[in-house]
Each structure stands twice: as C-alpha cells, then as structure tokens.
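Asks: Sharing a structure here in structure tokens format.
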Amino acid sequence: MSVIKAIKQRRAIRNYEARPVEKEKIEQLLEVATYAPTDRLREPWHFYVFGKEKKKDYEALATAYLQERFPTKPNLVESSLKVVLTTPTVIVVTAKAVENDEAATMDDICATSCAIQNMWLAAEELGLGFVWRTRGVGLVHDERLHSFIGAQKDECIIGTIFIGYPEAAVPSATKRTLFSEKTTWL
C-alpha cells in the first residue's frame, strides 16, 4: 500500500476483538515509532506498555477518574470505559522536556506526535486497530496517570494509545475540509 493511501485510510478504531496482540507486532510498532523525525536526534519519546496486571490497575484508575469527572452521566462513563475494558494493548507515550528551553520542548512534543503517527500507519499494515487518546479516558491531563506509570518529572504525556484487532470492518472515510480552504499561498 502506498503511504498516501495509508494516510487517507487511517481511522480511529475503538472496538476490538478479545484476542491479545502479539508481542512481535507491538515491538514492530515501537520500532517504527523511533524512525520519526527528531530535532538533533534527541529521540525524546518513551513508551509505557501495560502488561496484564498493569492494565487491570489502569481500568480501575480510568473508572475512578471518569466517575469523578462525570458523576451525573453514568452512560457517558460506561461508553468511555468500553475502549479501556476491551482493548488488549494500552501504551502511554511521553516526551521528555528540555530544561529551560520551551522551543526545544515543543519540537520534542511534535517529534513524539510523529512517532505516534508512524505507529498508527504501521498498525494498519499489521491488521491492527489503533486510537490515540489525548483527553478523557486517556487521562493525559490528569496527574494520577503520570504517577501511575512512574514517569520522570521532566516527561509530559502526549497520549494514551489503544491497540487491538478490529472487531468489525474499518469505517469508511469521513469528509475532510479541502486543503484549498486551509491554505494560503504566499
């Protein structure tokens, strides 16, 4: 498959089969992540891959978080938790901040985002579904997740990734705004 076709076919998949993802496939995704462009080859990313027990603990953390956040919306809590409970593989991705250099830190956040995109595109080739969560059930902006994974103080969480074998056919393309509407030629 061409890169352009892979980019256009990429979709967020939230419903997975119960079967686990083979360690070799997870390792392939992690390897392609490391080929993302990175300023001065700092390679700022770090990947926290949850094992079976850590995932169970994460399910409890996510449940508590969502119940606190949406105490009057049990249906929202239940639907948000579905991806957590049914996903075989969960990975939290961080980027290391550069001390006293906000611009370099932003470069490294962007590089880590590229690493996640590499993983997402490779997941398609491996027959895997993939979704990158930056809010909500991803707990990215909640300090408890930072502590939960044992991240260093200079690491910022870029996202929580959910990976598994798609339960159903991948959804068709959603309409996108034409690039011409978002482009200014100077």
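Asks: Anything in segment 88-103 that is of a type in the set (A, V, I, L, M) and in contact (Cβ under 8 Å) with a residue 60 or more places away in the chain? List them, or say none. Can you show your working first?
Replies: Applying the first criterion (of a type in the set (A, V, I, L, M)) to segment 88-103 yields 90-93, 95, 97-98, 103.
Hits for segment 88-103 are V90, I91, V92, V93, A95.
Asks: Still on this structure: Which pairs do you get when a residue that is buried (at least 18 other Cβ atoms within 10 Å of the Cβ), found in segment 104-119, comes within reach of a residue that is among the hydroxyl-bearing types (S, T, Y), reach meaning Cβ atoms under 6 angstrom, with the pair 6+ apart or on two chains?
Replies: Close Cβ pairs (under 6 Å, with a partner that is among the hydroxyl-bearing types (S, T, Y)) amount to A111/T38.
Asks: While we're here: Starting from segment 64-84, keep only residues that are touching a residue at least 60 places away in the same chain (Cβ under 8 Å), then list their pairs with residues that are part of a helix (DSSP H, G or I) whose Cβ atoms are within a distance under 6 Å, requiring at least 6 positions of separation or different chains.
Replies: These pairs meet every condition: L66/V77; L66/S80; V84/E59; V84/A62; V84/V137.
Asks: For segment 133-152, how many residues are without any contact (Cβ under 8 Å) to a residue 24 or more places away in the chain and open to solvent by 70 Å² or more (accessible area, probe 1.4 Å)?
Replies: Residues meeting the conditions: 4.
Asks: Name, by its number, the condition in (1) open to solvent by less than 60 Å² (accessible area, probe 1.4 Å); (2) assigned to a helix (DSSP H, G or I); (3) of a type outside the set (D, E, K, R) that does not hold for F130.
Replies: Status for F130: all satisfied but (2).
Asks: Which members of segment 31-78 meet the condition of being among the polar types (S, T, N, Q) and under 28 Å from N118 (Cα atoms)? Show your work before the answer.
Replies: Narrowing segment 31-78 to residues among the polar types (S, T, N, Q): 34, 38, 63, 67, 72, 75.
Hits for segment 31-78 are T34, T38.
Asks: Filter segment 48-62 down to residues that are in contact with a helix residue (DSSP H, G or I) (Cβ under 8 Å, 6 or more places away or on another chain) and of a type outside the set (D, E) and give me whichever is most open to solvent (accessible area, probe 1.4 Å).
Replies: V49
Asks: Next question, about the same structure. Of all residues in segment 139-181, which are closer than 21 Å to P20 by Cβ and of a type outside the set (A, V, I, L, M)?
Replies: T160, F162, G164, Y165, P166, E167
Asks: Which one is farthest from the chain's Cα centre (by Cα) among residues in segment 133-158 that are within 19 Å of A97 (Cβ to Cβ) and part of a strand (DSSP E or B)?
Replies: Only one residue tops the list, namely E155.
Asks: Which condition from (1) over 17 Å from the mean Cα position of the chain (by Cα); (2) surrounded by 11 or more Cβ atoms within 10 Å (Cβ to Cβ); (3) free of Cβ contacts under 8 Å to residues at least 12 places away in the same chain; (4) more than 27 Å from N15 (Cα to Cα) is the one that S180 breaks?
Replies: Looking at each condition in turn, S180 falls short on (2).
Asks: Give the residues of segment 78-103 that are among the aliphatic types (A, V, I, L, M), under 14 Å from P44 (Cβ atoms), open to solvent by less than 10 Å² (accessible area, probe 1.4 Å) and out of contact with any Gly (no Cβ under 7 Å at 6 or more places or on another chain), sorted by residue number. Give the steps one after another, and end with the answer.
Replies: We begin by selecting, within segment 78-103, every residue among the aliphatic types (A, V, I, L, M); these are 81, 83-85, 90-93, 95, 97-98, 103.
Adding the requirement that they be under 14 Å from P44 (Cβ atoms) leaves 93, 95, 97-98, 103.
Subsequent filtering for residues that are open to solvent by less than 10 Å² (accessible area, probe 1.4 Å) retains 93, 95.
The one that is among the aliphatic types (A, V, I, L, M), under 14 Å from P44 (Cβ atoms), open to solvent by less than 10 Å² (accessible area, probe 1.4 Å) and out of contact with any Gly (no Cβ under 7 Å at 6 or more places or on another chain): A95.
Asks: Taking L29 as the residue in question, decide whether it is more than 12 Å from I161 (Cβ to Cβ) and either modelled with pLDDT of 95 or more or aliphatic (A, V, I, L, M) (or both).
Replies: Here the answer is no, as L29 does not meet what is asked.
Asks: As an exercise: evaluate A123 against (1) part of a helix (DSSP H, G or I); (2) under 30 Å from D101 (Cβ atoms) and give the number of the one condition it does not meet.
Replies: (2)
Asks: Residues that are surrounded by fewer than 17 Cβ atoms within 10 Å (Cβ to Cβ) and without any contact (Cβ under 8 Å) to a residue 40 or more places away in the chain: does segment 153-164 have at least one?
Replies: yes
The values are calculated or read from the model by the stated rules, or taken from the named source; none is laboratory data. The shown structure was predicted, so the numbers you read here are calculated from the model rather than taken from an experiment. Quick reminder, even Gly has a Cβ in these numbers, built from the backbone with ideal geometry, and neighbours come from all protein chains shown. Side chains are part of the model used for accessible areas, which takes the heavy atoms of the whole protein and leaves out ligands, DNA and RNA. Shrake-Rupley method; radii C 1.70, N 1.55, O 1.52, S 1.80 Å.
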